[in-house]
Each structure stands twice: as C-alpha cells, then as structure tokens.
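For reference, the structure discussed in these notes is given below.
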Amino acid sequence: MLFICRQSGSAANMKSVKPIHRFLAVSLVALCFFATAGLYSGGATPAVLPAVPATVDTINPGELRMHLSFLASEELGGRYTLSPGFQIAARYLASHLEAYGFRGAGEHGSFLQTFELITSKVDSSKTSLEMTIGGKPATFSLGEAPPSFGSASGDVSGQIVFAGYGISSPAQKHDDYAGLDVKGKIVLIASGAPTGIDSSKLAPTESGTSAAQAHGAVGLLQLPPARFLQFLKNKEATERFATRESVRLAKAGESKLPSMTLGPDAADKLLGAAGMNLKSILETTEKKAPLQPKAFEASAHISIVSIQSRSTTQNVAGILEGSDPKLKDEYVTFSAHYDHLKTNANGQIYPGADDDGSGTVSVLAIARAMSVQRPKRSVLIIFHAGEELGLLGSEYNSDFAPVVPLDKMVVDLNIDMIGRSKPEGDTQAEDQRLTDAHSIYLVGSNRISPELHALSEDTNAEFQKLRLDYYYNDPENPERIYFRSDHWNYAKHGIPIIFYFDGVHVDYHKVTDTVDKIDFEKMTQVTRLVFETGWRIANLDHRLTKAN
Ligand SMILES: [Zn+2]
C-alpha cells in the first residue's frame with residue numbers, strides 16, 4: 001500500500017484482514033456444489049445468490065505459503081519495480097496464469113502489459129526561484145518553493161498573472177484563461193476546481209501546466225493545496241522530498257513548462273503584493289467558489305534542472321474466458337500489486353511479505369481456483385507494477401491502455417495486505433489498528449454499488465464469518481485508505497470495488513515485513529471470501545447495479 005504524507009508532516013508523498021481444507025480433485029469438484037445459497041437483500045428485487053462451488057476449498061495455507069516463500073525471498077530482492085528481481089516475479093506470475101489455462105491479456109497475447117516510466121531527480125545546485133515582488137527581489141530555497149511533481153527542466157522569466165484554478169475546458173464550458181493575456185508570462189494557479197466542474201472528467205490538457213502552455217505561458221507557480229500545507233511548513237522535509245528520486249508514468253504530450261509549488265511563506269509574500277492572502281484563497285477553494293484572475297506587480301525567474309531517464313516495466317494480466325456465451329464479454333477483476341520497495345542505502349531488502357506479497361499470492365490462488373471450474377463471466381487477473389511509486393500500473397491500465405474495456409469491468413476486488421493478524425496481548429502502538437485473526441478491513445464496498453456491499457456482507461455471513469471492519473471506509477478518515485491502493489484508479493471511473501486490508505502495523509514498509517510473521521490461516525479465509533464474493537458477482541443473472 002502506498003505511503004502518504006500526513007498533515008502531521010511525519011511522512012511523505014506529495015500526491016497528493018482454521019481450518020486446513022484438503023485439496024479436491026478436479027472431477028470431484030465439478031460435481032460438488034454447496035447447496036446453500038444466500039438471499040440477496042440489498043436491491044429493489046431480492047434475488048437468490050449463485051451457489052459457490054467447492055473449488056473454493058482448493059485455496060489453502062500451504063499453497064499461499066509456497067508462493068509467498070518464493071516472492072518474498074531474499075533472492076527476489078524486494079520486488080522494487082525497477083529491479084531485476086521484479087522481472088523474475090513477473091515471469092513467475094505469468095507462468096502460473098498460463099499453467100492455469102488463462103490467456104495473456106497484454107500485447108500480442110502476452111501476459112505482460114508493458115509501459116514506460118520516467119525516473120527523475122532534481123539537481124538542487126541548479127534549481128532556484130527568484131521573485132521580484134513590488135520591486136524587491138527575493139530568492140526562495142527548494143524548501144520554500146519546491147519544483148512541482150514531474151516538472152520539466154527549464155530556465156524562464158516573466159511577469160506573474162493569477163489565473164484562478166487554471167482550468168480551460170471547452171467540454172465543461174469553463175475557461176479561467178478567457179480574456180487573460182499570459183503569453184510569455186508565468187501563470188499562478190490555485191489547486192481545486194469551482195462548483196460545476198467535474199475534475200475527474202478534465203482531460204490532462206485542460207488544467208495545470210498543459211493548459212498554461214497551451215495559452216502561451218512560459219512557466220507555472222502553484223499555490224499549495226490545504227492538505228499539504230502542514231507538510232510544506234517543514235522546509236527541511238520539503239527540500240528532502242523535492243530532491244528525492246521520483247518515478248512517474250511516461251505520458252505522450254507531457255507539458256514542457258517548468259513548474260514550482262509555493263510553500264505557505266512564499267505564497268503569502270507574493271499574494272500580499274496584490275492585496276490577497278493564502279488563507280482567504282484556501283477558504284475560497286474549499287467552498288469551490290470562483291476565483292478572479294489578476295495581474296501582479298511581480299515577476300519570477302524559475303530555474304529547474306531535473307535529470308531524467310526512461311525505463312520499461314509491466315503489469316501481469318491474464319483472462320480466463322467465462323462459460324456463458326452472453327456474459328463472457330464482462331470481466332470480474334481480481335487485483336494485487338506485486339511490487340514493493342527499493343533496497344535501502346545499507347543494502348537491506350524489503351521483503352514485503354504482507355505488502356503486497358500476501359495479496360499477490362492470494363490472487364494467484366483465486367486464479368487457480370477459478371480455472372478448476374469457470375464462472376459465467378470472464379475473470380481478469382491483474383498484478384500491478386509501480387503501486388508503491390504512486391499507483392502507476394493501475395493508472396496505466398485505467399487511464400491509458402486498459403487490457404479490457406473499462407465499461408466491461410464489472411468489479412475490481414483488490415487485495416493489498418491481508419496476511420497479518422494482531423497477536424493476543426500485543427500492545428504496541430504501531431499495531432493499534434491491526435486486525436485480529438478473525439477480522440479484516442473492507443474499504444469502498446458501499447461507495448459505488450450498494451448491491452456489491454450487500455452481496456459481500458451476505459456472502460461473508462454465509463461462509464467465512466469474518467468480522468468485517470469498515471473503520472477505514474469512513475470518508476473522513478485521515479488515512480485516506482480509499483485512495484491508497486490500485487482499486488482507486490478503477491473506482492474513479494465508476495467501477496465498483498472492494499479493497500481488502502489488514503491494517504497498518506509495526507512492520508509496514510519496514511525490512512521486517514517477513515514471511516514468518518504471516519498468518520496463513522487468516523489469509524486463507526480472507527482469500528476464500530474474496531473468491532466467494534467474486535464468484536457470485538461473476539455468476540449473477542444481472543450486472544451489479546450502481547447507486548444513482
Ligand atoms: Zn506499501
């Protein structure tokens with residue numbers, strides 16, 4: 001799961017949850033169904049839920065342990081997206097999907113969906129911001145005004161013009177640049193969008209540096225969003241963050257404008273020259289109220305040198321064709337991220353047994369169980385790359401080149417960390433939210449499809465009887481878990497999702513996230529729940545309904 005920077009400023013990212021069952025022989029499985037079927041009570045027309053086959057019992061602790069012992073081994077080196085070990089992990093997953101009878105969902109029938117990444121690092125000795133405000137020059141450090149994430153290199157000067165939210169969208173009939181001359185100038189913008197604008201539907205070219213560049217601007221200054229304010233007040237942490245190596249998706253037609261984000265002090269210094277202040281602007285953006293464009297008696301010289309390199313990585317994706325000729329063009333998706341963290345400066349590897357070795361091997365076990373007896377709808381398995389780097393693999397598969405049409409994706413059941421349980425008597429503060437051996441957090445199940453939530457609840461009540469905890473599903477929860485794993489990139493397109501998660505713990509993103517600490521009995525139960533839930537969705541006589 002993705003690490004984020006909290007308001008507390010303690011950490012950093014700018015973007016911004018028995019019994020061992022015996023294996024059942026294939027012939028036996030084909031004949032053997034659980035006779036029970038739950039009643040669905042979540043929609044307008046209650047319907048009998050599809051029966052779940054005994055193939056679910058093929059998911060067992062020994063299988064999960066076998067896969068995880070390989071993927072989280074020292075030899076794999078921690079599965080950092082840009083590491084040789086990651087390629088081996090990809091091959092392992094692809095080979096297994098192929099053996100289970102899946103077909104490759106990537107290019108030319110391959111199981112690998114490749115895409116390009118850009119690694120960049122700001123050269124702090126050659127990067128600076130100078131502003132002349134009311135005739136007085138001032139220089140700002142990287143801690144006071146860091147280059148914006150993914151900024152291009154450049155050395156530009158110009159008068160500063162405030163362009164409100166900086167949105168220019170013909171489709172949504174909104175243009176902050178209307179009547180504004182920004183040619184050869186540096187545009188200042190606030191983050192957010194006014195009422196009436198659906199940010200999720202803005203094309204990349206309709207905001208930020210791309211929109212500024214399209215209108216002739218030479219550079220961009222961004223006012224800090226409210227949720228990063230606290231972090232940006234810590235100038236040392238901000239400078240460290242600004243000069244770290246970062247990785248992003250390579251996107252065609254990326255803007256060439258250099259861009260910096262003003263910390264609170266720099267922002268107030270500049271805004272003061274025009275009789276404005278950051279507090280009132282943030283109050284305005286919070287209310288989604290309009291912002292008036294304004295010319296400043298101020299100019300800026302932005303100089304950014306960012307050293308960049310390109311590399312290729314891959315998601316691993318496979319399709320198991322559904323058994324129903326009419327329903328097989330719809331896909332029930334199971335996902336997990338198979339990447340983890342880069343070896344640290346001391347040469348220590350991060351095994352990532354729970355994060356997200358646990359989800360990866362669970363999805364692999366679900367793939368095998370599905371292949372023993374195929375459901376009506378098709379099954380899409382996708383192991384995402386680059387999750388720890390900012391949900392990059394799922395961003396690629398959702399926003400750029402989906403392996404199946406997004407409107408054919410019925411659901412994404414995403415597993416990221418389900419292998420740990422809180423030992424009895426554990427009083428460590430870091431384990432405060434870690435679920436016990438019989439509990440798991442579910443996030444997002446009710447947000448898009450109330451029917452999905454009801455089906456999930458009914459299925460759990462009928463079979464695994466785990467305690468489903470919705471603590472992290474509270475939209476006000478400061479951890480913002482709903483946005484911190486790959487399901488988010490599908491949810492944002494209106495695809496119903498459930499995210500299964502055991503909770504943050506003492507070994508989260510540490511070198512101590514190892515296989516010996518995994519609770520394979522609990523993991524088996526959760527994996528079976530995900531299988532049962534997915535099986536039912538794949539065999540429903542109708543597609544999951546969504547909230548209005
Ligand atoms: Zn993580």
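The values are calculated or read from the model by the stated rules, or taken from the named source; none is laboratory data. Please read these numbers as outputs of a predicted model, since none were measured by experiment. Cβ placement follows ideal geometry from the backbone for every residue including glycine, while neighbour counts extend to all protein chains displayed. All accessible areas refer to the heavy atoms of the entire protein, side chains included, with ligands and DNA or RNA removed. Shrake-Rupley method; radii C 1.70, N 1.55, O 1.52, S 1.80 Å.
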The condition of being out of contact with any strand residue (DSSP E or B) (no Cβ under 6 Å at 6 or more places or on another chain), buried (at least 22 other Cβ atoms within 10 Å of the Cβ) and not in a helix (DSSP H, G or I) holds, among His505, His542, only for His505
Counting only residues that are assigned to a loop (DSSP other than H, G, I, E, B) and of a type in the set (Gly, Ala, Ser), which one in the stretch 44-64 is most open to solvent (accessible area, probe 1.4 Å)?
Ala44
Name the residue that is nearest to Leu232 (Cα to Cα), counting only residues in the stretch 112-146 that are in contact with a helix residue (DSSP H, G or I) (Cβ under 8 Å, 6 or more places away or on another chain) and open to solvent by 20 Å² or more (accessible area, probe 1.4 Å).
Glu144
Among the residues of the stretch 333-341, are any touching a Lys or Arg at 6+ places or on another chain (Cβ under 7 Å), β-branched (Val, Ile, Thr) and open to solvent by less than 10 Å² (accessible area, probe 1.4 Å)?
no
Scanning the stretch 224-257 for residues that are open to solvent by less than 10 Å² (accessible area, probe 1.4 Å) and within 11 Å of Pro146 (Cα to Cα) gives Pro224, Leu232, Thr238
By residue number, the members of the stretch 65-89 that are in contact with a helix residue (DSSP H, G or I) (Cβ under 8 Å, 6 or more places away or on another chain), in a helix (DSSP H, G or I) and of a type in the set (A, V, I, L, M) are Leu68, Leu71, Leu76, Ile88, Ala89
Only one of these conditions is not met by Gln432: (1) surrounded by 17 or more Cβ atoms within 10 Å (Cβ to Cβ); (2) farther than 20 Å from His384 by Cβ. Which number is it?
(1)
Qualifying position, being in contact with a strand residue (DSSP E or B) (Cβ under 8 Å, 6 or more places away or on another chain), at pLDDT below 95 and of a type in the set (A, V, I, L, M, F, W, C), among Ala266, Ala252, Ala274
Ala274
For the stretch 458-471, indicate whether the set of residues that are assigned by TED's automatic domain parsing to the domain that holds Glu387, open to solvent by 40 Å² or more (accessible area, probe 1.4 Å) and among the small types (Gly, Ala, Ser) is non-empty.
yes
Within the stretch 334-382, restricting to residues that are part of a strand (DSSP E or B) and among the hydrophobic types (A, V, I, L, M, F, W, C), the one that is farthest from the ligand (Cβ to nearest atom) is Val379
Thr312 vs. criteria hydroxyl-bearing (Ser, Thr, Tyr) and open to solvent by 10 Å² or more (accessible area, probe 1.4 Å):
yes
With the requirement that a residue be open to solvent by 10 Å² or more (accessible area, probe 1.4 Å) and aliphatic (A, V, I, L, M), what does the stretch 347-370 give you?
Ile349
Looking only at the stretch 266-309, which residues are closer than 30 Å to Ala94 by Cβ and open to solvent by 70 Å² or more (accessible area, probe 1.4 Å)?
Gln308
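Here is a yes/no grid of residues against (1) modelled with pLDDT under 95; (2) under 19 Å from the mean Cα position of the chain (by Cα):
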| residue | (1), (2) |
| --- | --- |
| Ala295 | yes, no |
| Ser303 | no, no |
| Ser311 | no, no |
| Ile319 | no, no |
| Gly322 | no, no |
| Pro325 | no, no |
| Asp329 | no, no |
| Tyr338 | no, yes |
Hey, does the stretch 348-366 have a residue that's in contact with a strand residue (DSSP E or B) (Cβ under 7 Å, 6 or more places away or on another chain) and more than 17 Å from His487 (Cβ to Cβ)?
yes
